[in-house]
Amino acid sequence: MGLAAFAVAGAARADPPRMSPPDWVARPDAEALADHYPGLARTLAIEGRATLSCTVDLKGRLQTCVSVAASPAGLGFDKAALAMSKLFAMQPKRVDGKPVAGGTVRIPIRFALPAPGQGEPEPLASPTALDAARRAADLSGISGRLARGLTEDLDKIAGGSAEPMVLAQGLAALADARAAAAPQVAEAAARSIAATLSPAEVAQWLAYLKGPALRTLNAEGPQMNQAFAAVQATHTQLVLARARDTFCGRQDCSSDATLPDLHALAEAPEVLIDKPRWSQAPSLIEAQAAYPLGAQAFRLNGWAMLQCRVAVAGALEDCQVLAQEPRRLGFGAAGLKVAGSYRLDPDLMAQGAAGDRVNLPTFFSIARETPPEPVRPRPSRALTLAREIVRAQGVEATADQAGELGQWLLSHQPGLDEAVARDAGEAYRGAVIEDLPDLLDAHAAVYVATLTEPELASTAAFLHSRAGQLATGRDDAFNLRLAVALAEVQTQADAKARTAFCAAHACAAD
């Protein structure tokens, strides 16, 4: 919700010492207030006030702030004001022209909301058209999904700055009011449908909803979901294997040192603790968390040899990387991360090991599976129709987005050489693009195995229609119209929740 008002009154002077009115160098703007506005209060459209008392240091920064007043109580306005205190800065108090610390300033903060806007009402459809739209919204499950989403959305404000009991009361009032708004949600969906589709398009949608293809899809839904999950798992393996081959063609991925070699290095005579024993070592979870992202994704093994000094309690400090393989993939940094989890055996510590140096081999290993060959179905009219269904459902766009995200993540690995990270990202993105035709065909094969050719034809035709675009979230005009209508329903429901909440809790700002 946008925020229209933010007021920081002139700071009240406190004695001792006395201060002149502050000359603000920085203070929060409306956007900062929006970020800090208590979630429950914002949802219930409750405004509030808080007053901070802070000392000012030599640089004009606020220190040791405390909230001396806040209303309404329990909604978190005091905590929100304290969280914003770091955004204030002022000219410090001056004595004989020189800045001095220790002055006290009081800052009243007002949390205010804008007046709610009024959306343009949708033109009324005919009773017949509206009734058909209601049936479509109900049979398609849109009404039910939207009503559930209205209450599930409350999770976003759980755990906010309000006191636990107040938060529980507010969430309960909101949950009750929004659940009771289910009929209004269904009506908003129906009116949005009727305003977007012609009666003929709604009739086409209803015909598909009652047809054999959708009955088959509903009946076979769980099995199809399992098949799609298997397809995704297989093609994830294929993509990563291809990406690994490309990446390792550009970068050295070998880790040639043998275990005896590493042990020999660890027991070298210049190391004072030649046979270290550990009472504590990294857990599997800690090792996985430290594993370099790109190496883990591409199933590459590696190791690093560290040399560390033993601290008083047996922990390791001042660790340095002596060697690592592969050399540029981040295994040295991974070794340094897990080194903090080691503890030297107490018996060795009792012998005076504190302050000595020790070599520490760290290993990172991950199983590499051989991906199956992609299944390439034989060309047929059924396959052509199934491909149309897959494309209309956005499988290609979803895969492309995943490829872009994976490229970004691999290209921005912290601590990795820029060229290495870039090669990893490009290798992954290229593998996704190369695999895309096989991925689409694998999805299409699931439809071919589930639907008859006439059912495939009717499903493809529906998904390409205006009604099909609306039903699958691809009609921007409908999405915008529906969002406006749902916002109005939510506002009305939240106003009822506010009335119920404020009947048992003071909501007025003093």
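Here is how the numbers come out for the structure above:
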read-out	value
Filtered residues of the stretch 406-439 (kept if in contact with a Gly (Cβ under 6 Å, 6 or more places away or on another chain), in contact (Cβ under 8 Å) with a residue 40 or more places away in the chain and not in a loop (DSSP other than H, G, I, E, B))	L410, A424, Y428, V432
Candidates A334, A382, filtered to the one that is free of Cβ contacts under 8 Å to residues at least 60 places away in the same chain, part of a helix (DSSP H, G or I) and crowded, with 17+ Cβ neighbours inside 10 Å	A334
Members of the stretch 168-221 found to be farther than 14 Å from L463 by Cα and among the acidic types (D, E), listed by number	D176, E187, E220
Matching residues in the stretch 155-193 - criterion: being without any contact (Cβ under 8 Å) to a residue 60 or more places away in the chain, among the aliphatic types (A, V, I, L, M) and either in a helix (DSSP H, G or I) or over 25 Å from P72 (Cβ atoms) (or both)	A168, A172, A175, A179, A182, A186
Those residues of the stretch 75-126 which are modelled with pLDDT of 85 or more, among the small types (G, A, S) and either surrounded by fewer than 22 Cβ atoms within 10 Å (Cβ to Cβ) or on the phi > 0 side of the Ramachandran plot (or both), in sequence order	G76, A83, S85, A89, A112, S126
Selected residue (only one of A487, A457 is closer than 15 Å to L209 by Cα, in contact (Cβ under 8 Å) with a residue 60 or more places away in the chain and not assigned by TED's automatic domain parsing to the domain that holds P72)	A457
Residue under evaluation T246, criteria (1) at pLDDT 95 or above; (2) of a type outside the set (D, E); (3) not assigned by TED's automatic domain parsing to the domain that holds E434, criterion not met	(3)
Check on P21, over 32 Å from the mean Cα position of the chain (by Cα), modelled with pLDDT of 50 or more, of a type outside the set (A, V, I, L, M) and part of a loop (DSSP other than H, G, I, E, B)	yes
Some residue of the stretch 342-363 being under 11 Å from A304 (Cα atoms) and touching a Cys at 6+ places or on another chain (Cβ under 7 Å)	yes
Members of the stretch 53-74 that are in a strand (DSSP E or B), crowded, with 19+ Cβ neighbours inside 10 Å and in contact (Cβ under 8 Å) with a residue 40 or more places away in the chain	C54, V56, L62
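The values are calculated or read from the model by the stated rules, or taken from the named source; none is laboratory data. Quantities reported herein were computed from a predicted structural model and do not represent experimental measurements. Counting neighbours? That spans all protein chains shown, and the Cβs are built from the backbone with ideal geometry, glycine included.
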